[in-house]
Ligand SMILES: Cc1cc2nc3c(=O)[nH]c(=O)nc-3n(C[C@H](O)[C@H](O)[C@H](O)COP(=O)(O)OP(=O)(O)OC[C@H]3O[C@@H](n4cnc5c(N)ncnc54)[C@H](O)[C@@H]3O)c2cc1C
């Protein structure tokens, strides 16, 4: 009999996994809240360059024909009895479960942020919000822009730095940089969270005259005057606040109750990707508690590990990350590391920027798995060298 | 109204490389209240200087910082929030 695999979430990880499973051996169902698939990295360019590229596709068309696709919201997951309940009142049974429900923005954690987000937009929530932010940047005629992440958890960790550098580039191109102050705030001790990458990033911020406020744990925003206040009482006044909101996991009740950690992420074994305490459930992508960057590349690689495990092979996740970092001006670098190889800075180049842009076109194909052989070679060639553990 | 009891929170960031431990510390700090104690376990050597700088800047003192067999334990009292 074919094994019933239920995948929660039709995002990057869930879609790749569903398309990777052999239909002769698996009866695959993807249960997803939305029938649309958003290419999230594109939000950066919609917000900071006014890009009108199409970022959303029909999820059904991205899934192989044999995959059952159900549009509904998972509300309860019982890992002991092996069923999932949905908002639509269905109870779905499975032999193997894979949670790939991602993370979502949660502005309500910061007083004033919901109002700010509704007014000026942001670039981590939706296409509509990213377009709103572009309207504000496009209409900006000088003053102070303050940009940063609200908490230490950020989907795509390079994205705050990318945002401030693209804002700087926009203002320079428009001849508005002289009459503008750019402020970057972060809860970390340095502008780029991973110290080795910071060696590349900090001098660039300095050269572009961007003011940096470290250890800034955003506590509240006065939406009227746009004053940002940290837990420590430091304040930043600005005309345009661009805040990466806090993130939370999907609002799903799990049995047993300790499946989620204190951040609302699924407790996941770092190597096997099994949900801790379960033999039949796995988690991939942003939804997990893994100590890696929340990125599409991670979700992709983790989906492949779970596909191999389900197919009866020995497979482990090595913690590999490989996030592009757009440094503006047509240059980019990559943040690459793994559990055993701390991040190594790669010199910025135009070629890396071209690769980042090319990937935007290849994304939809990558979901289908047709680029897997090329990706395998690429990741092998760019494998960061293993050094002493924790040398970052 | 009774004041909620002081909490001793253990944050286990062992095996997580930079910036994992400081991410975990920052998130625990957000959930803490004055009087709480956060005990951070880490294996990344970078945590020592990061935790000291964090303590200086946020005004929350380090009660102890010890290292043995590659395990670093930082105990911080939350005095300012
Ligand atoms: C501005 C920005 C730039 C980025 N740049 C990059 C980049 O350059 N490189 C990179 O690798 N990554 C990048 N990312 C991150 C990347 O997009 C995510 O890490 C990736 O999409 C995570 O994949 P996932 O499958 O875990 O979750 P997602 O792709 O977020 O998918 C989650 C899915 O779960 C569904 N879902 C949620 N809750 C439920 C529920 N209760 N029931 C059923 N379904 C549910 C959602 O509808 C969605 O389909 C960027 C992100 C942003 C915002």
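Each value in this text was obtained by applying a stated rule to the coordinates, not by laboratory testing. Because the structure is a prediction, the values reported are computed rather than measured. So basically every Cβ, Gly included, is an ideal-geometry build from the backbone, and we count neighbours across all protein chains shown.
Where Rh denotes the Kirkwood radius from the mean inverse Cα pair distance, what is Rg over Rh for the range B:8-77? Intermediate results must be reported in sequence, preceding the final value.
Details: Rg = 10.7 Å, Rh = 11.7 Å.
My calculation of the ratio gives 0.92.
Please compute the alpha carbon radius of gyration of the range A:66-165, then divide it by the globular-protein estimate 2.2 N^0.38 Å. Two decimals is fine. Before the final figure, lay out the partial values.
Values: Rg = 19.0 Å, N = 100, 2.2 N^0.38 = 12.7 Å.
Expressed relative to 2.2 N^0.38 Å, the Cα Rg reads 1.50.
Nearest 10 degrees is fine. How inclined is helix A:372-381 to the longest principal axis of chain A, computing both from alpha carbons?
It is inclined by approximately 60 degrees.
Run through all the Cα pairs of the range A:28-103 and give the fraction in each 5 Å bin from 0, expressed as whole percent.
3, 13, 20, 19, 16, 12, 8, 5, 3, 1
So if I take the alpha carbon set of the range A:108-246, get Rg, then get Rh from the Kirkwood formula, what is the Rg over Rh ratio? Provide the component values of the computation, followed by the final result.
On the way: Rg = 13.8 Å, Rh = 14.9 Å.
Dividing the radius of gyration by the Kirkwood radius yields 0.93.
Comparing A:119, A:174, A:141, which has the greatest mean-square fluctuation in the GNM of chain A with Cα pairs linked when under 10 Å apart?
Largest GNM mean-square fluctuation: A:174.
Quickly work out the residue A:232-to-residue A:172 label distance, labels modelled 7 Å from Cα along the C-beta direction, and quote it in nm with one decimal.
Label-label distance for residue A:172 and residue A:232, simple model: 2.9 nm.
Test of understanding: in a Gaussian network model of chain A with alpha carbons linked when under 10 Å, which of A:16, A:221, A:231 would top the mean-square fluctuation ranking?
Residue with maximal mean-square fluctuation among A:16, A:221, A:231: A:231.
Specify the residue with the greatest mean-square fluctuation among A:154, A:323, A:238, computed from a Gaussian network of chain A linking alpha-carbon atoms under 10 Å apart.
A:238
Where does the Debye-calculated log10 I(q)/I(0) of the range A:180-255 sit at q = 0.11, 0.16, 0.22, 0.25 Å⁻¹, using only Cα point scatterers of equal weight, no solvent?
The Cα Debye sum returns log10 ratios of -0.37, -0.69, -1.06, -1.21.
What is the antiparallel percent of DSSP beta bridges lying wholly in chain A, to the nearest 5?
Numbers: 32 of 68 bridges.
Of those bridges, close to 45 percent are antiparallel.
Would you mind checking the tilt of helix A:350-368 against the longest principal axis of the Cα atoms of chain A, expressed as 0 to 90 degrees and rounded to 10?
30
Convex hull over the alpha-carbon atoms of chain A: what's its volume per residue in Å³?
Details: hull volume 54.1 nm³, N = 392.
Convex hull volume per residue, Cα atoms: 138 Å³.
Compare the peptides B:51-59, A:41-49, A:309-317 by average per-residue count of other Cβ atoms within 10 angstrom and give them in order, highest first. Before the final figure, lay out each step's value.
Values: B:51-59: 17.1, A:41-49: 21.6, A:309-317: 14.7.
Top of the packing list down: A:41-49, B:51-59, A:309-317.
May I ask what percent, to the nearest 5, of DSSP beta bridges between residues of the range A:164-283 are antiparallel? Please report the intermediate quantities before stating the final value.
Details: 10 of 13 bridges.
Of the beta bridges lying entirely in the range A:164-283, close to 75 percent run antiparallel.
Normalising by the residue count of the range A:108-246, find the relative contact order in percent from Cα pairs under 8 Å and 6+ residues apart. Show your work: numbers first, answer last.
Working: 243 pairs, mean separation 46.4, N = 139.
Relative contact order, the range A:108-246: 33 percent.
What's the extension gain from residue A:181 to residue A:24 if we count 0.36 nm per residue and subtract their Cα-Cα distance?
Numbers: separation 157, 0.36 × 157 = 56.52 nm, distance 5.96 nm.
Here the answer is 50.6 nm.
Grab the DSSP H runs of chain A that are 4 residues or longer, score each as -39,500 (n - 2.57), total them, divide by all residues and round the 222 nm result to the nearest 500 deg cm²/dmol. Write down the numbers at each step before the final one.
Values: 10 runs with 112 residues, N = 392.
That comes out to -8500 deg cm²/dmol.
Can you compute the modelled spin-label distance between residue A:87 and residue B:6, with each label point 7 Å from Cα toward Cβ, in nm?
4.4
Taking Cα centroids, how far is the range B:30-59 from the range A:212-288 in Å?
The two parts, judged by their Cα centres, are 18 Å apart.
Got the relative contact order for the range A:88-172 handy, in percent, Cα pairs under 8 Å and 6 or more residues apart?
Details: 37 pairs, mean separation 14.0, N = 85.
Worked out over the range A:88-172, it gives 17 percent.
Count the DSSP beta bridges whose two residues both fall in the range B:8-77, then state the antiparallel fraction as a percent rounded to the nearest 5.
Rounded to the nearest five, the antiparallel share is 65 percent.
Hey, what angle do you get for helix B:20-31 against the long axis of chain B, alpha-carbon based, 0 to 90 degrees rounded to 10?
Relative to chain B, helix B:20-31 is tipped by roughly 0 degrees.
Between residue A:199 and residue A:53, what is the label-to-label distance in nm when each label sits 7 Å out along the Cα-to-Cβ direction?
Computed distance between label sites residue A:199 and residue A:53 equals 3.1 nm.
At each listed q (0.15, 0.21, 0.25 Å⁻¹), what is the log10 of I(q)/I(0) that the Debye formula gives for the range A:120-175 modelled as equal alpha-carbon point scatterers?
-0.45, -0.87, -1.17
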